[in-house]
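The values are calculated or read from the model by the stated rules, or taken from the named source; none is laboratory data. Since we're looking at a predicted model, the values are computed, not measured. Note: ideal-geometry Cβ built from the backbone for every residue, glycine included; neighbour counts use all protein chains shown. Just the protein is used for accessible areas: all its heavy atoms, side chains included, with ligands, DNA and RNA removed. Shrake-Rupley method; radii C 1.70, N 1.55, O 1.52, S 1.80 Å.
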Amino acid sequence: MRHAGITRSGLRAAAAVALASVPGLAHAEIEFTAVRVEAAYTSDSNVTRGPSGEALKDHILGLRASSGLLVPVSARTRLVFQGFAGGEKFSTYSGLSHNYLGGQGDFQFRPSAEFSSATYAVFARTSAEYYESNLRDGYRYVYGVSVLKPLTDRLQLFGALAQNVSDGRSVVFDTRSTSLRGNLDWAVSRWDTVYLGGEYRTGESVSTASRIDPIKTLGRVNTATPYIIQDDAFTDTTRDAYRIKTNALLFTLGYNRAFSAGQSLDLSWRRVQATAQDPVSPATASDLSYLVDQVSLAYLVRF
């Protein structure tokens, strides 16, 4: 929302004043990035992140807006700041609906101006999340390193190593994990891009399951205790949210069709396969592992 009296030039002046106190940045030429808005529809096969037989499907409407600024530090380095806000509305399980607000900062280094030169970065991101489920309200933090490398004039490779931290109102939703991911973009034509992504994540994750099967419930309690609590996001039956250690593989395949310099339509499929670590009897790894398929259609606009 644009407030009366706040203009783009005014924001530039305010940013310049804020950066003037930082040695070496007083005379930096600040460049604002385009405002990016994304509206998406997603079908999710397993919103509970529960094991086979416990998966619940839902449809999600999402909206996200972001913008930022670029601050040159030297001929080979720069700072990149981005702010973002958005929300997701779940069709059936409204307790999972939420809004969020956050920001990210990157320090980027590019050793030369050669086309094939890679861009290296150190980054940190934080966001506040407000759910219909009170247990999930909290904060997320991500920090790590990344590299962006043009392979040809049509192929671009991105990789990142990151630490992911969640701080929820309930300790069950306090999680830590480490992820290694890569993404390959292929510009088939001026307007068409195909992308492929993969990620390995190890650490803690949260799943939700019912108490219908007493043996499986006992296995979850034995494995997750004391990090298990009745989940307030679901009202169809009594369900427990529990935090355990998992290893997960994430795969993404997508296609982006641009209609102009500032508009595009994006279609993607994402699969997550998580395997439980160290299940405690009577639980088995299959009792605690889960599979998720997400199909998303998004409209993106920049201005």
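Looking only at region 126-161, residues that are closer than 21 Å to residue 206 by Cα, under 15 Å from the mean Cα position of the chain (by Cα) and open to solvent by 30 Å² or more (accessible area, probe 1.4 Å) come to 5 in all. Filter region 169-194 down to the residues that are among the hydrophobic types (A, V, I, L, M, F, W, C) and in a strand (DSSP E or B), then identify the one that is most open to solvent (accessible area, probe 1.4 Å). Across region 169-194, the extreme among qualifying residues is 186. Among the criteria (1) part of a loop (DSSP other than H, G, I, E, B); (2) in contact with a Gly (Cβ under 8 Å, 6 or more places away or on another chain), the one residue 278 does not fulfil is (2). Only residues that are in contact (Cβ under 8 Å) with a residue 12 or more places away in the chain and surrounded by fewer than 18 Cβ atoms within 10 Å (Cβ to Cβ) were counted in region 251-260, giving 6.
Picking from residues in region 29-55 that are modelled with pLDDT under 95 and among the β-branched types (Val, Ile, Thr), the one that is farthest from residue 233 (Cα to Cα) is 30. Tell me yes or no: at least one residue of region 230-238 is farther than 22 Å from residue 130 by Cα and open to solvent by less than 80 Å² (accessible area, probe 1.4 Å). The answer is yes, given that some residue of region 230-238 is farther than 22 Å from residue 130 by Cα and open to solvent by less than 80 Å² (accessible area, probe 1.4 Å). With respect to residue 217, is the statement that it is touching a helix residue (DSSP H, G or I) at 6+ places or on another chain (Cβ under 9 Å) and part of a helix (DSSP H, G or I) true? Judged against the criteria, residue 217 is not a match. Tell me yes or no: at least one residue of region 60-73 is farther than 23 Å from residue 158 by Cβ, free of Cβ contacts under 8 Å to residues at least 60 places away in the same chain and open to solvent by 50 Å² or more (accessible area, probe 1.4 Å). Yes; the residues of region 60-73 include at least one that is farther than 23 Å from residue 158 by Cβ, free of Cβ contacts under 8 Å to residues at least 60 places away in the same chain and open to solvent by 50 Å² or more (accessible area, probe 1.4 Å).
Please state which one of 187, 258, 248 is at pLDDT 95 or above and more than 29 Å from residue 153 (Cα to Cα). Unique residue meeting the criteria: 248.
The set of residues in region 50-65 that are part of a strand (DSSP E or B) and not basic (Lys, Arg) comprises 58, 59, 60, 61, 62, 63, 65. Here is the figure for region 46-59: residues that are over 24 Å from residue 300 (Cα atoms) and surrounded by fewer than 17 Cβ atoms within 10 Å (Cβ to Cβ) total 3. When restricted to residues that are modelled with pLDDT of 95 or more, over 18 Å from residue 55 (Cα atoms) and open to solvent by less than 30 Å² (accessible area, probe 1.4 Å), region 261-282 contains 3.
Check region 196-212 and report whether any residue there is closer than 21 Å to residue 55 by Cα, modelled with pLDDT under 95, out of contact with any strand residue (DSSP E or B) (no Cβ under 8 Å at 6 or more places or on another chain) and open to solvent by 20 Å² or more (accessible area, probe 1.4 Å). Yes, the conditions are met somewhere in region 196-212.
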